[in-house]
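The values are calculated or read from the model by the stated rules, or taken from the named source; none is laboratory data. The structure displayed is predicted, hence computed values, not measured ones. Here Cβ is always computed from backbone atoms with ideal geometry, including for glycine, and neighbour counts include all displayed protein chains. The area values use the complete protein model at the heavy-atom level, side chains included, leaving out ligands, DNA and RNA. Shrake-Rupley method; radii C 1.70, N 1.55, O 1.52, S 1.80 Å.
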Amino acid sequence: MATQEVQLNETLAHLKTESETLKSKLEEERAKLHDVELHQVAEKVEGLGQFVMKTRRTLKGHGNKVLCMDWCKDKRRIVSSSQDGKVIVWDAFTTNKEHAVTMPCTWVMACAYAPSGCAVACGGLDNKCSVYPLSLDKNENLAAKKKSVAMHTNYLSACSFTNSDMQILTSSGDGTCALWDVESGQLLQSFHGHAADVLCLDLAPSETGNTFVSGGCDKKANVWDMRSGQCIQSFETHESDINSVRYYPSGDAFASGSDDATCRLYDLRADREVAIYSKESIIFGVSSVDFSLSGTRVSILFGHENRVSTLRVSPDGTAFCTGSWDHTLRIWA
C-alpha cells in the first residue's frame, strides 16, 4: 500500500513538472507573436476628427430597469427586455411600440432578434429561452405562439441567434453555454469550461459563424468552437466579473467589459491582451461594450438618469441604442 502511494506521488509530481514545462513552451510561442505594442502601431495612424452624437429618440414604456436590447437587421426595429417582466418591440423611427409580451417572470435578462426579423427570443429567471414569432398584426396575442426552446438549470443570461432563425445560442448562470435547434428544442451542443456563472456571449462575425466568445463570473473570456464544443482559447486578465464581450468587426479580436471598471481588447491571432481602457474617475463596472463599424471610435456620452445597462450599435453603424436603469432606451446619432 505504501509503495503504491509513493508511486502515485511520483507520477503526480512528474505530471505536474511536465505540465509546467508545456506551459512555459506555450508562453514562449505566445511571446514570439508579441512583436509590437498596439499603441506603437496607433502612432502611425492619422487621428480621428471630432464628431457630435446626441439623443435623437427616447423610448419610454418599461416600468423598471431595462436589462437588454437588440437591433433588427432592418436597422429600424428594436427589441428590449426589462426587470418589469416585459419584452417590447419598438419602431425606433417613430418610438411606437409594435409588440409587447409579459413574461411569466421578472428580470428578463436576455433578448435577441432573429436574422430574418420575423421572431424574437428572450429569457431570464425562468431558466428558459422562449421564441416568439412576429407578424404584421400588432394586436396579435404573441404569448399564444410562444415556443420554449432552451432549458437551463439556472437563469438565462444571454441569447443570440446564429446566422439563421433555426439555431440559437444561450448562456446561463449554471456555468454553461448551449446551442439549440429552434424548431425541435433539441440540444445540439453544450459548452463546459467556465467555473462560475456565464454572463455574456457574442457570435463571431463571419458567414460560417463557427466560433463564439463568452465571459463570466470566473473572470475568464473563453473562445469556443461550436462544432466540437471545445474551448479553443481562454483569457484571464480581468480582476472581476466579465459583463460583456463583443467581437471586433473583422472577427480577429474581441473586447470585454468588467466589474473591475476596465475594458480590454484581445487579439485572437496573437493570443493575448493588447489594450486596457480605464480611467481613474470611472469606478463603476462596465455593463456593455460594442464597436463602431470601423472599429476605431470610442465615445463617452451623457443623457441617462441612471446606470446604462446595455448598448448596441445599429447594423448600418449610423446610430446606437442604450438601455438604462432609468427605465428608458435612447437612440443616439
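Structural remarks
- Accessible surface, per residue, of region 232-328 when the full set of protein chains is kept, probe 1.4 Å, Å²: 50
- Helical content alone sets the calculated 222 nm signal of the chain at -4000 deg cm²/dmol, taking -39,500 (n - 2.57) per DSSP H segment of four or more residues and averaging over every residue.
- Summary of packing: across the peptides 314-327, 167-180, the per-residue average of other C-beta atoms within 10 Å ranks them, highest first, as 167-180, 314-327.
- In region 86-219, the ratio of gyration radius to Kirkwood radius, Rg to Rh, stands at 0.97 when only Cα atoms are counted.
- Relative to the dominant Cα principal axis of the chain, helix 2-33 is inclined by about 60°.
- Local charge for L179 was computed over the other residues whose Cβ lies under 12 Å away, with Lys and Arg +1 and Asp and Glu -1, and equals -1.
- The residues neighbouring T237, those whose beta-carbon lies less than 11 Å from its own, together hold a net charge of 0 under the Lys/Arg +1, Asp/Glu -1 convention.
- Dipole of the chain [Lys/Arg +1, Asp/Glu -1 at C-beta], most positive-end residue of W224, L311, M151: L311
- Solvent-accessible area, 1.4 Å probe, carbon plus sulfur percent, for the chain: 51
- One way to sum up the overall shape of the chain is the equivalent ellipsoid from its Cα gyration tensor, whose semi-axes run 36, 27, 17 Å, largest first.
- Taken along the Cα-to-beta-carbon direction at a fixed 7 Å, the label points for E140 and E29 span 5.2 nm.
- Per-residue accessible area (protein heavy atoms, 1.4 Å probe) orders L12, L142, L188 as L12, L188, L142, starting from the largest.
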